[in-house]
Amino acid sequence: MKKNSIHDRIVFWDTAKEFLYHQLLDIRKVSNNTISSYRVGLNQFIDYLESEKNIRRRDISFSDFSRETLKCYQDWMLNERKLSGKTCNLRLTAIRSLLEYASSENLELMSIYLGTCSLKGTKVDAKPIEFFESKQMKALLLAPNTKSKIGRRNQMMLILMYDTAARVSELIDLTLGNLHLNSDIPYITIYGKGRKYRNIPLMEKTCSHLNRYLKEFHEGTEKEQPLFYTVTHDVKHQLSVDTLQLLIKQYTKECASKGEEMPAKPHCHMLRKTRAMDLYRSGVPLTHIQQLLGHEDLSTTSGFYAFATLDTLAKSIAKVNPENLSMEKKWADKETLSKIYRL
C-alpha cells in the first residue's frame, strides 16, 4: 500500500472500483440491483463534492469522506434537495459500506471509517402497507381488454404477478425454462434477490391461463425465450420495468373512471403486498409467506405483514362491543355470586 493513503486519489478510485466490481460482485455475490444502487449512491456523493465543495473529480480522495463532510452532505440532501429520509439513509449506507471495506483492506483508512460510524441516519416514520383491497384487485385483473392480443398478454402478467407475489424485475426476467406446468405440483422457478432461486407453486386457474397464453404467444419451446415480450422489427424483446409500472397506472385509472375507488398512487409492488396480505388474512403462517416472498429473514416478513389490518381489527373490536354484551346485572344474581365466592 502507498503511504498517506487517505490523501491519495489513486487509492480512492482503485479501492472504489475494487469494492463495486469485485467485492460486491464476486465475493459477496449481491444482486446487480444492489450493485447499481451502491454505484448510484457513491456517484451522487462524488457529484456533490464536485458541485458543492468545488473538488475536481480526479482529485477526490478518502480525506473528502470525513464525518463533517458527510454531515454537510446529509443536510444538503434533506434541506436543499428535499430528498426523503429513506433515500438519504440509503446513500449514506453505500458510503459507509465502501469505507468499511476500504478500512479492512488498509488500516490507514480506519480513522475515516470510524469517524462516520457515529453519524446517525434520518428517522423515517413507518408508513401503512399499501395494497389493493379485494374488490380493487378483482377490478384490476379484469381491466385489460382481452379482445386484443396485447390485452390478453397484459392480463396474464397481472395474474402471474399476483399469484406468485413476484417482484416486477423477477417477472420480466422469467423465461419459458422457469415454467414447470407438467410436474405433479405445477410450479415456477423465480430468480430473485441475492442471486437466489425459489420455487412457487401455481394455482390451477393460473395454470389454465398460462397454457392458453403459451399456445398463443409461444410457438416454440426455447427455454431461454422471455415469457413476456414485445416485438420490434420481428424481434422479440424483454419488457422493461417502466412498461409494467405504466400498465398498473393505466388500468388503475380506467377502474377509477368506472366508479371503482382505487389507490391514488398505484405501483407494481402493491400486487406483491396484496398477495401477501391476502394470504396473511387467510391464516397462512408467516414462514410460508416468507418463502413465497423470498425474504431471507422472517423479521422482514413480519415487519410488513404481522399487524392487525383494518378488517381484522374491526372484527376483534366487534367481539367485545358493548352492544353484544348483556346489560343484565349478573353480579347481583345469586347463582353468579355463588360461583364467584367459592374457594
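The values are calculated or read from the model by the stated rules, or taken from the named source; none is laboratory data. Predicted, not measured: the structure shown is a model, and the values here were computed from it. Counting neighbours? That spans all protein chains shown, and the Cβs are built from the backbone with ideal geometry, glycine included.
For the reader, a short list of remarks on this structure follows.
- Test: residue in region 227-234 that is in a loop (DSSP other than H, G, I, E, B) and of a type in the set (A, V, I, L, M, F, W, C): yes
- Flag for residue 238 being within 18 Å of residue 152 (Cα to Cα), touching a helix residue (DSSP H, G or I) at 6+ places or on another chain (Cβ under 7 Å), touching a residue at least 12 places away in the same chain (Cβ under 8 Å) and not β-branched (Val, Ile, Thr): yes
- Conditions (1) more than 27 Å from the chain's Cα centre (by Cα); (2) crowded, with 17+ Cβ neighbours inside 10 Å; number of the one not met by residue 73: (1)
- Of the listed requirements (1) surrounded by fewer than 19 Cβ atoms within 10 Å (Cβ to Cβ); (2) aliphatic (A, V, I, L, M); (3) modelled with pLDDT of 90 or more; (4) part of a loop (DSSP other than H, G, I, E, B), residue 246 misses just one: (4).
- Filter result for residue 48 (crowded, with 18+ Cβ neighbours inside 10 Å, under 20 Å from residue 193 (Cβ atoms) and touching a helix residue (DSSP H, G or I) at 6+ places or on another chain (Cβ under 6 Å)): no
- Residue 135, sole failed condition from (1) assigned to a loop (DSSP other than H, G, I, E, B); (2) within 24 Å of the chain's Cα centre (by Cα); (3) closer than 30 Å to residue 247 by Cβ; (4) not small (Gly, Ala, Ser): (1)
- Positions within region 249-277 being out of contact with any Pro (no Cβ under 9 Å at 6 or more places or on another chain), buried (at least 21 other Cβ atoms within 10 Å of the Cβ) and of a type outside the set (A, V, I, L, M, F, W, C), in sequence order: 266, 272, 274, 275
- Selection over region 150-205 of residues that are among the hydrophobic types (A, V, I, L, M, F, W, C) and in a helix (DSSP H, G or I) gives a count of 11.
- The set of residues from region 2-14 being touching an Asp or Glu at 6+ places or on another chain (Cβ under 7 Å) and surrounded by 14 or more Cβ atoms within 10 Å (Cβ to Cβ) comprises 5, 6, 9.
- Restricted to region 201-235, and to residues there that are in contact with a helix residue (DSSP H, G or I) (Cβ under 6 Å, 6 or more places away or on another chain) and among the polar types (S, T, N, Q), the residue that is farthest from residue 151 (Cα to Cα) is 225.
- Qualifying residues in region 138-149 (those that are more than 17 Å from residue 273 (Cα to Cα) and part of a helix (DSSP H, G or I)) - the one nearest to the chain's Cα centre (by Cα): 142
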